[in-house]
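The next block holds one structure in the form of structure tokens; read it before the comments.
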Amino acid sequence: MSAVMITRKVRKWEKLPGKNTFCCDGRVMMARQKGVFYLTLFLIVGTCALFFAFECPYLALHLSPAIPVFAALLFLFVMAMLLRTSFSDPGVLPRALPEEATFIEMEIEAANGNVPAGQRPPPRIRNVQINNQIVKLKYCYTCKIFRPPRASHCSICDNCVDRFDHHCPWVGNCVGKRNYRYFYLFTLSLSLLTIYIFTFDIVHVVMRSVDNGFLNTLKQTPGTVLEVLVCFFTLWSVVGLTGFHTYLISLNQTTNEDIKGSWSGKNRVQNPYSHKNIIKNCCEVLCGPTYPSVLDRRGLMQEDSAVSAAGAAPPSSSSSSSNPEPQTTKTTAPLIPNEHTPDEAKPGVPVPAEKSPSPKEEPHEKLPPLASPETDAEASIAKDKSH
Ligand SMILES: [Zn+2]
Ligand SMILES: [Zn+2]
């Protein structure tokens, strides 16, 4: 039986290996688990709808028409920041192509030499020096790359994410290099909105109670009780979270680094990213350059499928002798833009190998101070091994 190869063009997002969902032909990218994200949407939209239905008409009439206008503007800003955080690429690093992965494995084996049977091989770490700091690039066993500094592998999305902060189920996405500032603006504006609604709920109840009595007011506007409850419980968590991220931004630190204690405790390593100036740190994190996505999700690639010529079988049900896998894909343009040295390693610093196919894009190295947390190297690798 003979077979013919059919080549068709597909978008690259269709072949990305992480645990993401895509909408609008790859324009929208999220984590697969979205239940909590829908709850976030429901709580924000629901509470605001109740506020506009029960309080705004009374407050606009008796206090100021600016109250609902400002609430509407704030609500729109919160939603824009939420959707921008949730629907964007957080800074996912592409995995190594098979031939690149083979090359890097060969390099590691050559550098490590023969490890006697029963002995644990040395951890896969590369030391580079950037801005007078020794930086450890850790190997990701899933993505087959040496991660750029500050990157980490998200086990939920199954991707390495650049400047990984944390995975946030409330926004249904990782928070990383490309969406951190929008995440922060979301928490900040949501704090303001919650305080705003909570305050005017109280004002509304007080004003009505003067005329009608407290119990009658609650009967007339049953939504108010629900709003006050939701706002009260949201207030503590969201305002607390905003305060925590304000503190992190002022130190130019990520949640991941804070949890690991990368720049404190036993390591006694100073944060090399910090400018030692709160204003400069805030400017860099919130107003620094925006980075393009390196995934090229909407780029086209060719997919070769073997189809049996005798029967009109679907591509996945047959294969040619030269192509044992039913769905073999061949990229015409690699997913990784280019490969280059991961470091501007200075002489005298031990670097096991000279070259790495780490898909690090240029902006990493332009970031002024670069270093990697020294903690958890073993733990991280052990975790990665479990993939
Ligand atoms: Zn990874
Ligand atoms: Zn994630």
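We did not get these values from a lab; they are worked out from the coordinates using the rules stated. On a predicted model such as this, the values are computed, not experimentally measured, just so you know. Reconstructed Cβ throughout: ideal geometry from the backbone, glycine too, with neighbour counts over all protein chains shown.
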For 38, 180, 141, what's the fewest-to-most ordering of other Cβ within 10 Å of each Cβ?
-> 38, 141, 180
Can you list the residues of region 48-68 with backbone N under 20 Å from a point 7 Å past the Cα of residue 210, pointing along Cα to Cβ?
-> 55-68
Rg to Rh, two decimals, where region 212-283 supplies the alpha carbon set and Rh follows Kirkwood | 1.35
Per region 75-136, sqrt(5λ) over the Cα gyration tensor eigenvalues, sorted largest first, in Å, gives 40, 17, 12
Quick calc of log₁₀ I(q)/I(0), region 26-149, Debye, one scatterer on every Cα, no solvent, q values 0.11, 0.16, 0.22, 0.23 1/Å, result -0.67, -0.93, -1.24, -1.28
Violating pairs (Cα-Cα greater than 24 angstrom) within the set 12/136; 138/177; 144/177; 9/34; 19/280 = 12/136; 9/34; 19/280
Could you give the size of the charge dipole of region 117-163 about its Cα centre, using +1 on the Cβ of each K and R and -1 on the Cβ of each D and E, expressed in debye and rounded to the nearest 20?
-> 140 debye
Computed about the Cα centre, the charge dipole of region 127-204 from +1 Lys/Arg and -1 Asp/Glu charges at the Cβ has a magnitude in debye, to the nearest 20, of 500 debye
Sorting 143, 56, 174, 282 on the 10 Å Cβ count, fewest up front, what's the list?
-> 282, 56, 143, 174
A correct fewest-to-most ranking of 83, 286 by other Cβ atoms within 10 Å would be 286, 83
State the answer as a single residue: which of 174, 140, 161 lies farthest towards the positive end of the charge dipole of region 132-200, with beta carbon charges of +1 for Lys and Arg and -1 for Asp and Glu, about the Cα centre.
-> 140
